[in-house]
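Worksheet: the structure to be examined is printed underneath.
The values are calculated or read from the model by the stated rules, or taken from the named source; none is laboratory data. Quick caveat: nothing in here was measured; it's all calculated off a predicted structure. Note that we place each Cβ from the backbone using ideal geometry, even for glycine, and neighbour counts take in every protein chain shown. Protein only, heavy atoms only, side chains kept; ligands, DNA and RNA dropped before computing areas. Shrake-Rupley method; radii C 1.70, N 1.55, O 1.52, S 1.80 Å.
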Amino acid sequence: MTPRSCSVANALEIVGERWSLLALREVFFGNTRFDQIAANTGVSRDVLAARLKKLVTAGVLEKVQYSTHPPRHEYHLTESGRALHNVLLMLKEWGDQYVTEEPLPLVYEHSCGNVLEPRVVCASCGEEASLESLTRAPASAAS
C-alpha cells in the first residue's frame, strides 16, 4: 500500500523532531550560537550538532562564521526558516492551552497592545480557517 502524498509528512522529515524544533525556537529568540542553543534546550552536543546540520542542509538555517581563531559559527534563519515562525506560534498556543500548567512560561504581546492569541486565517477573506470551514480542493486547484 502506498502512503498518501502529504506536505505535513514531508515537512516532518525536516523539522519533526523535538530537538530540531527547540533549536529553531532558540534561534527565533536570538540565541544563534551553538553553546546558547545547547544550554537553553538541554540537548546533548552530538544530537544538537546533527539536528543543526540537517536544518542547514535543508535550507532552514544558514551557518555563518563569526570568529576565525578559533573557528566559531552561529545559525541564522533563512527565508524557509522564518516561514516556520507561525508554525511555532501555533504549537506554543496549543501547548499553552492543552499541556502547560499555569503560569505560562512565555506570553507574547502583539504590537496592538493585547496578548497574542495566534489564529490561522484565510488570506482571501480573513475568516478563521476552522476545521468546519475547510474542504479539500480538487487536485487541479493546487496548480
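Some notes on this structure:
- With at most 15 neighbouring Cβ atoms within 10 Å, loop chymotrypsin sites (Phe, Trp or Tyr not before Pro) (DSSP) excluded, longest segment of the chain: 30-107
- In terms of Cα atoms, the Rg and Dmax of the stretch 1-84 work out to 13.8, 54 Å.
- Our coupling estimate for the stretch 99-115, obtained by passing each phi through the Karplus curve with A = 6.51, B = -1.76, C = 1.60 and θ = phi - 60°, is 10, 7, 6, 5, x, 5, x, 8, 10, 9, 10, 6, 4, 6, x, 9, 5 Hz, Gly and Pro reported as x.
- Residues in the stretch 3-19 carry Karplus couplings, in order, of x, 4, 5, 8, 5, 5, 4, 5, 5, 5, 4, 9, 10, x, 10, 3, 5 Hz; the curve used is 6.51 cos²θ - 1.76 cosθ + 1.60 with θ = phi - 60°, and Gly or Pro positions show x.
- Given a 1.4 Å probe and the protein chains as shown, residue 125 ends up with an accessible area of around 90 Å².
- Its relative contact order, with pairs defined as Cα atoms under 8 Å and 6+ residues apart, puts the chain at 15 percent.
- 222 nm mean residue ellipticity, helices alone, for the chain (DSSP H n ≥ 4; -39,500 (n - 2.57); rounded to 500): -12000 deg cm²/dmol
- Amide H to amide H, with H built 1.01 Å from N, residue 33 comes under 5 Å of 75, counting only residues 5 or more places away or on other chains.
- Taking trypsin sites (Lys or Arg not before Pro) across the stretch 1-101, the ones in a DSSP loop with at most 16 further Cβ atoms lying within 10 angstrom of their Cβ are 4.
- Taking the three principal axes of the alpha carbon atoms in the stretch 42-101, the coordinate ranges are 46, 27, 17 Å, sorted in descending order.
- Pairs of Cα atoms in the stretch 1-47 fall into 5 Å distance bins, from 0 up to the last occupied one, in shares of 5, 21, 24, 17, 12, 9, 6, 5, 2 percent.
- Across the stretch 36-42, rounded Karplus estimates of 3J(HN,Hα) from the backbone phi angles (6.51 cos²θ - 1.76 cosθ + 1.60, θ = phi - 60°) give 5, 5, 4, 5, 7, 9, x Hz, Gly and Pro being marked x.
- Share of carbon and sulfur in the accessible area of the stretch 1-110 stands at 54%, probe radius 1.4 Å.
- At a probe radius of 1.4 angstrom, the accessible area of the chain per residue rounds to 75 square angstrom.
- Solution diffusion estimate, µm²/s, Stokes-Einstein, the chain, Kirkwood Rh from C-alpha pairs, 37 °C, viscosity 0.692 mPa s: 185
- Eligible aspartates and glutamates near residue 63 by straight Cα distance, threshold 15 Å, same-chain separation 8 or greater: 26, 35, 74, 79
- Per DSSP, loop GluC sites (Glu not before Pro) in the stretch 58-138 with at most 14 further Cβ within 10 Å: 101, 127
- Nearest 10 degrees, 0 to 90: helix 85-98 Cα axis against the chain principal axis: 80
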